[in-house]
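Student: To start, I am sharing the structure in question, which I have written as structure tokens.
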Amino acid sequence: PLGPQPLQKEHLYQLAMLEAGFHHLPHPSDSERQRHYLPRNPCPTPTHYPQTPPPHSDTVEFFQRLSTETLFFIFYYMEGTKAQYLAAKALKKQSWRFHTKYMMWFQRHEEPKTITDEFEQGTYIYFDYEKWGQRKKEGFTFEYRYLE
Amino acid sequence: PGIDLTTLGLNLNSPENLYSTFQSPWADAPCRPQDIDFHVPSEYLTN
Amino acid sequence: FDDPPGLHEKTEFLLREWVNMYHSPAAGRDSTKAFSAFVQQMHQQGILKTDDLITRFFRLCTEMCVDLCYRALSEQSSPTLIRAKCFHTLDAFVRLIALLVKHSGDSANTVTKINLLNKVLGIVAGVLLQDHEVRGTDFQQLPYHRIFIMLFIELNAPEHVLESINFQVLTAFCNTFHILRPAKAPGFAFAWLELISHRVFIGRMLAITPQQRGWSMYAQLLSDLFKFLAPFLRNANLDKPTQLLYKGTLRVLLVLLHDFPEFLCDFHYAFCDVIPPNCIQMRNLILSAFPRNMRLPDPFTPNLKVDMLPEIAMPPRIMTNFAKMIQPKGFKNDMDSYLTSRSPVTFLSELRSSLQISSEPGNRYNIPLINALVLYVGTQAITFIHSKGLQPSMSTIAHSSHMDIFQNLAVDLDTEGRYLFLNAIANQLRYPNSHTHYFSCTLLYLFAEANSEAIQEQITRVLLERLIVNRPHPWGLLITFIELIKNPSFKFWNHDFVHCAPEIEKLFESVARSCM
């Protein structure tokens with residue numbers, strides 16, 4: 001039984017300012033660190049494209065099912081985000097280890113020939129982000145001080 | 001009659017909390033992992 | 001005013017210098033190397049000499065950052081490019097503020113740090129309000145939104161020095177956001193809601209901060225939002241901007257209902273005090289919250305014995321001092337006196353006029369006073385019943401000074417007043433607790449004892465309008481309505497108003513079916 005109440009002058013001013021704000025709505029990227037390598041570029045895609053991420057796509061289990069190439073892409077192109085963190089976790093579960101000096105991921109190709117307290121030496125596969133491909137490296141010394 | 005609140009893009013049956021992936025009051029989908037700033041080890045800041 | 005000559009140029013030089021240092025590869029981790037060098041430059045330029053100069057420096061920097069953004073926004077280029085240009089400077093400025101806050105005074109001296117943070121937040125807020133006033137509808141939220149959210153995220157990084165001042169940091173931001181509430185800066189309202197609902201902000205305010213110390217500050221901010229929306233929601237004339245803000249509010253409330261129901265439980269009274277009575281669904285959403293450790297019995301359980309539930313005798317936590325809201329003091333004294341001794345007798349006959357504030361239809365009554373009176377009298381009644389070793393029930397609530405007051409209001413108020421009175425009761429129908437139980441009995445008692453069908457109809461309306469909206473529906477509302485339509489002693493189905501029109505009859509039957 002209350003019925004409408006006439007808006008006061010102040011409310012009309014507020015509505016006008018709200019309307020103006022409505023035309024410059026915040027973007028999701030306004031609350032995120034700058035993504036230099038993969039900035040958000042919202043663009044309309046055909047409706048039959050998936051419009052929302054697959055379910056549980058923010059779990060380590062989901063990342064573990066991704067190919068190593070995809071994990072490397074996420075690791076290097078989504079720096080500083082939860083995705084990079086999950087990709088790193090998934091890589092570690094597949095026995096990849098991050099070399100903090102070369103900033104590359106290494107995986108033992110076979111049992112190392114030498115293992116000491118400071119390092120191990122042998123043949124490794126590593127992912128070269130400059131050439132964007134996996135390489136084999138024989139006689140490599142992985143110093144543990146560079147093991148993340 | 002109000003709004004069907006299950007159509008606002010929030011998974012109200014989620015066993016996880018919603019706030020940690022809440023994208024924005026205007027977004028009808030939660031944040032994706034690549035949207036969430038994370039305190040990763042500084043060694044990961046390769047760029 | 002009165003900026004010392006040359007300060008503007010000095011500040012511009014320093015800001016430009018800092019932005020370059022911040023983005024240079026030599027800046028070091030978290031810009032610490034660049035910061036050490038830059039502070040030397042600030043010293044050389046005499047910026048850090050006095051409090052006044054530091055204040056002017058930050059104000060000028062803020063204005064320069066804002067101007068840069070307006071220039072970028074005026075260029076016709078893509079939002080992504082505009083943002084890259086703005087954030088290049090804004091993020092550097094934010095880092096400078098964060099580093100100065102972290103490193104001002106020695107590490108144990110938190111007061112210096114917090115004073116500086118409050119100063120900078122106050123400066124940015126001041127520049128925003130002035131900009132908002134001067135530019136009017138040309139105002140842009142972007143630079144301010146970016147400064148606030150990135151500074152908040154920087155100052156909530158997992159670092160020891162920040163953890164030790166975190167509660168003061170949260171308090172400083174809440175004060176700033178209260179100063180910038182939508183009623184004060186409506187052009188900033190969308191960014192404001194985005195800020196207070198940001199996952200890091202909610203996480204800190206409601207989850208991480210121990211002993212729920214952030215809850216009342218967060219409740220204050222939500223009340224600010226409801227107060228702003230109220231006049232527009234009250235008229236239900238939602239144009240697109242208001243509709244979007246309202247829908248955004250519902251999203252935030254859904255997150256709170258899902259993750260922090262106890263927060264909504266604790267502050268339901270304060271929120272219902274400012275949410276317009278016709279905002280049925282939003283209010284239902286708040287009233288539907290119940291503690292996560294509680295298992296609600298299915299309200300449709302046949303022969304559900306509500307008064308046998310273990311929680312039904314427990315009073316809910318209400319974080320508002322509603323007794324204090326009963327003003328003026330003399331009125332409260334008379335009410336207390338009437339409750340204890342049924343005198344002065346005039347209290348009842350003057351009650352209606354004590355609640356009225358105007359003769360303007362739709363605006364006659366003091367809603368917060370009605371809300372406070374209903375809850376106060378109800379809680380006094382529960383205490384009184386418990387003092388006799390009894391539990392609230394249809395019989396123990398009757399024939400008391402408390403029920404005198406409720407029955408007087410039901411009979412003496414006009415339609416508008418009675419609607420507000422019945423709403424104040426229905427706002428207590430929530431999860432199983434002693435208030436839900438008492439007010440459920442009270443509503444049913446008022447229905448049973450009504451001396452006119454109009455009162456019974458209005459009680460039904462108040463319940464029904466809460467039931468026919470989309471979910472969620474509060475547990476206490478459902479069990480009250482089910483009791484009303486099932487218990488033959490209320491003779492519900494005999495009333496004319498139940499059959500007053502075919503669609504109403506169908507509506508009751510459909511609601512009854514879903515209840516059965």
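Student: Here are some residues: A:F142, A:F98. Which one is facing chain B (nearest Cβ under 9 Å) and either closer than 30 Å to C:I82 by Cα or in contact with a strand residue (DSSP E or B) (Cβ under 9 Å, 6 or more places away or on another chain) (or both)?
Tutor: Just one listed residue meets the conditions, A:F98.
Student: Moving on. Given the options A:E138, A:E130, name the one that is modelled with pLDDT of 95 or more and among the acidic types (D, E).
Tutor: Going through A:E138, A:E130 in turn, the sole match is A:E138.
Student: Could I ask something else about it? What's the total number of residues in the range C:286-306 that are surrounded by fewer than 12 Cβ atoms within 10 Å (Cβ to Cβ) and closer than 17 Å to C:T480 by Cβ?
Tutor: 5
Student: Something else about it: Filter the range C:76-99 for residues that are over 17 Å from C:H145 (Cα atoms), free of Cβ contacts under 8 Å to residues at least 40 places away in the same chain and among the hydrophobic types (A, V, I, L, M, F, W, C) and give the result.
Tutor: Answer for the range C:76-99, where residues must be over 17 Å from C:H145 (Cα atoms), free of Cβ contacts under 8 Å to residues at least 40 places away in the same chain and among the hydrophobic types (A, V, I, L, M, F, W, C): just C:L81.
Student: Now a separate question. Under 30 Å from C:N235 (Cβ atoms), without any contact (Cβ under 8 Å) to a residue 60 or more places away in the chain and charged (D, E, K, R), is that true of C:R352?
Tutor: no
Student: OK, next. Could you check C:V161 against (1) modelled with pLDDT under 95; (2) facing another protein chain (nearest Cβ under 10 Å); (3) touching a His at 6+ places or on another chain (Cβ under 9 Å); (4) over 19 Å from C:F93 (Cα atoms) and say which number it fails?
Tutor: (2)
Student: Let me ask another. Testing B:N17 on (1) facing chain C (nearest Cβ under 7 Å); (2) surrounded by 18 or more Cβ atoms within 10 Å (Cβ to Cβ); (3) within 10 Å of the chain's Cα centre (by Cα), one condition comes back false. Which one is that?
Tutor: (2)
Student: Hey, another quick one. Among what's in the range C:272-296 and is away from chain B (no Cβ under 14 Å) and among the charged types (D, E, K, R), pick the residue that is nearest to C:M319 (Cα to Cα).
Tutor: So, considering only residues that are away from chain B (no Cβ under 14 Å) and among the charged types (D, E, K, R), the one nearest to C:M319 (Cα to Cα) is C:D273.
Student: Right, next: Taking C:F152 as the residue in question, decide whether it is over 12 Å from C:V66 (Cβ atoms), in a helix (DSSP H, G or I), of a type in the set (A, V, I, L, M, F, W, C) and facing another protein chain (nearest Cβ under 10 Å).
Tutor: Answer is yes for this residue.
Student: Inside the range A:1-92, counting only helices (runs of 4 or more DSSP H) that do not spill past its ends, which hold 3 or more residues that are within 26 Å of C:L142 (Cα to Cα) and within 14 Å of chain C (Cβ to nearest Cβ)?
Tutor: A:9-22
Student: While we're looking at this one, here's another question. Which of the residues belonging to the range C:396-420 are closer than 21 Å to C:V345 by Cβ and either touching a Cys at 6+ places or on another chain (Cβ under 8 Å) or among the hydrophobic types (A, V, I, L, M, F, W, C) (or both)?
Tutor: Once the filter is applied, which keeps residues that are closer than 21 Å to C:V345 by Cβ and either touching a Cys at 6+ places or on another chain (Cβ under 8 Å) or among the hydrophobic types (A, V, I, L, M, F, W, C) (or both), the range C:396-420 yields C:A398, C:M403, C:I405, C:F406, C:L409, C:A410, C:V411, C:L413.
Student: Right, next: Of C:Y218, C:Y246, C:Y269, which residue is away from chain B (no Cβ under 11 Å), more than 25 Å from C:L162 (Cβ to Cβ) and part of a helix (DSSP H, G or I)?
Tutor: C:Y269
Student: Name the one entry in C:H435, C:H399, C:H473 that is on the phi > 0 side of the Ramachandran plot and either touching a residue at least 60 places away in the same chain (Cβ under 8 Å) or not basic (K, R) (or both).
Tutor: That would be C:H399, the only listed residue that is on the phi > 0 side of the Ramachandran plot and either touching a residue at least 60 places away in the same chain (Cβ under 8 Å) or not basic (K, R) (or both).
Student: Restricting to the range C:8-60, and then to whatever is surrounded by 14 or more Cβ atoms within 10 Å (Cβ to Cβ) and hydroxyl-bearing (S, T, Y), can you tell me which residue is nearest to C:E159 (Cα to Cα)?
Tutor: Taking the candidates together, the pick is C:S31.
So that you can scan it fast, the table gives a plain yes or no per residue for (1) in a helix (DSSP H, G or I); (2) modelled with pLDDT of 95 or more; (3) of a type in the set (V, I, T); (4) buried (at least 23 other Cβ atoms within 10 Å of the Cβ):
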site: C:Q391; (1), (2), (3), (4): no, no, no, no
site: C:D404; (1), (2), (3), (4): yes, yes, no, no
site: C:A410; (1), (2), (3), (4): yes, yes, no, yes
site: C:L429; (1), (2), (3), (4): no, yes, no, yes
site: C:Y438; (1), (2), (3), (4): yes, yes, no, yes
site: C:T442; (1), (2), (3), (4): yes, yes, yes, yes
site: C:I455; (1), (2), (3), (4): yes, yes, yes, no
site: C:L464; (1), (2), (3), (4): yes, no, no, no
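Student: Just checking, does the range C:407-416 include any residue being in contact with a Ser or Thr (Cβ under 9 Å, 6 or more places away or on another chain), in contact (Cβ under 8 Å) with a residue 24 or more places away in the chain and under 22 Å from C:N333 (Cβ atoms)?
Tutor: Checking the range C:407-416: at least one residue is in contact with a Ser or Thr (Cβ under 9 Å, 6 or more places away or on another chain), in contact (Cβ under 8 Å) with a residue 24 or more places away in the chain and under 22 Å from C:N333 (Cβ atoms).
Student: In the range C:189-200, what residues are over 15 Å from the mean Cα position of the chain (by Cα), at the interface with chain A (Cβ under 7 Å from one of its Cβ atoms) and part of a helix (DSSP H, G or I)?
Tutor: Across the range C:189-200, the qualifying residues are C:F190, C:A191.
Student: Without any contact (Cβ under 8 Å) to a residue 12 or more places away in the chain and assigned to a helix (DSSP H, G or I): is that true of C:Q211 in this structure?
Tutor: yes
Student: Okay, moving on. Name every residue in the range C:250-259 that is more than 7 Å from every other protein chain (Cβ to nearest Cβ) and free of Cβ contacts under 8 Å to residues at least 60 places away in the same chain, in order of residue number.
Tutor: Hits for the range C:250-259 are C:L253, C:L256.
The values are calculated or read from the model by the stated rules, or taken from the named source; none is laboratory data. The structure presented is a predicted model; accordingly, all values stated were derived computationally and were not measured. Reconstructed Cβ throughout: ideal geometry from the backbone, glycine too, with neighbour counts over all protein chains shown.
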